[in-house]
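What follows draws every value from the coordinates through simple rules; no lab data is involved. These figures come from a predicted structure and were not determined experimentally. When we count neighbours, we look across all protein chains shown, and the Cβ atoms used for this are built from the backbone with ideal geometry, even at glycine.
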Amino acid sequence: MLMITLFVLVVMALLGFALTRILSASSDTIVTEVYGVRALQAAKSGLESQLVAVFPLGVAGSDPNGCASDTGYQPIQAAGLVNCSVRSLCQTQEYPIAGVRYYRFSAEGACEAGDAVVSRRLSIDARVSL
């Protein structure tokens with residue numbers, strides 16, 4: 001009878017340990033997914049701010065001086081993006097013979113969750129006739 005009791009206790013302890021590991025892994029996965037979405041939104045906001053700087057709403061034409069080559073990581077002060085930052089890049093290429101200017105905007109959003117950092121990168125291209 002003592003052997004059966006000991007066997008049941010060992011099996012129950014192993015099951016408890018296995019369930020704890022599964023729940024911990026599931027929790028880490030959810031945190032990574034949530035911070036991944038936040039990093040994606042940070043990158044989107046970085047792209048949108050670049051687009052508005054170069055192509056202001058209601059104004060014809062573009063401003064090549066509004067194209068920041070590298071802003072470095074800037075923290076975002078929005079309620080849903082706490083512990084997130086964005087790095088924006090912009091490159092221009094002019095082809096005067098064709099009368100065209102190309103823009104390449106890219107932004108990388110990064111969010112910190114404890115000791116983990118989750119980042120997402122987005123890029124967009126635009127063309128303007130000179």
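Couple of notes before you dig in:
- Each of V10, V82, G66 was scored by the projection of its Cα onto the charge dipole of the chain, and the greatest displacement toward the positive side belongs to V10; charges sit on the C-beta of Lys, Arg, Asp and Glu.
- Checking (i) 49; (ii) 30; (iii) 23 against the coordinates, the calculated percent of Cα pairs over 25 Å apart falls under label (i).
- Distance (nanometres) between label positions extended 7 Å along Cα→Cβ at S123 and V10: 5.8
- For region 2-129: relative contact order, % (alpha-carbon pairs under 8 angstrom, 6 or more apart): 25
- The protection proxy used here, the mean number of other Cβ atoms lying within 10 Å of each residue, ranks peptides 28-35, 1-8 as follows, highest first: 28-35, 1-8.
- Sites D63 and T32 - FRET efficiency at Förster radius 35 Å, r taken between beta-carbons, to 0.05: 0.35
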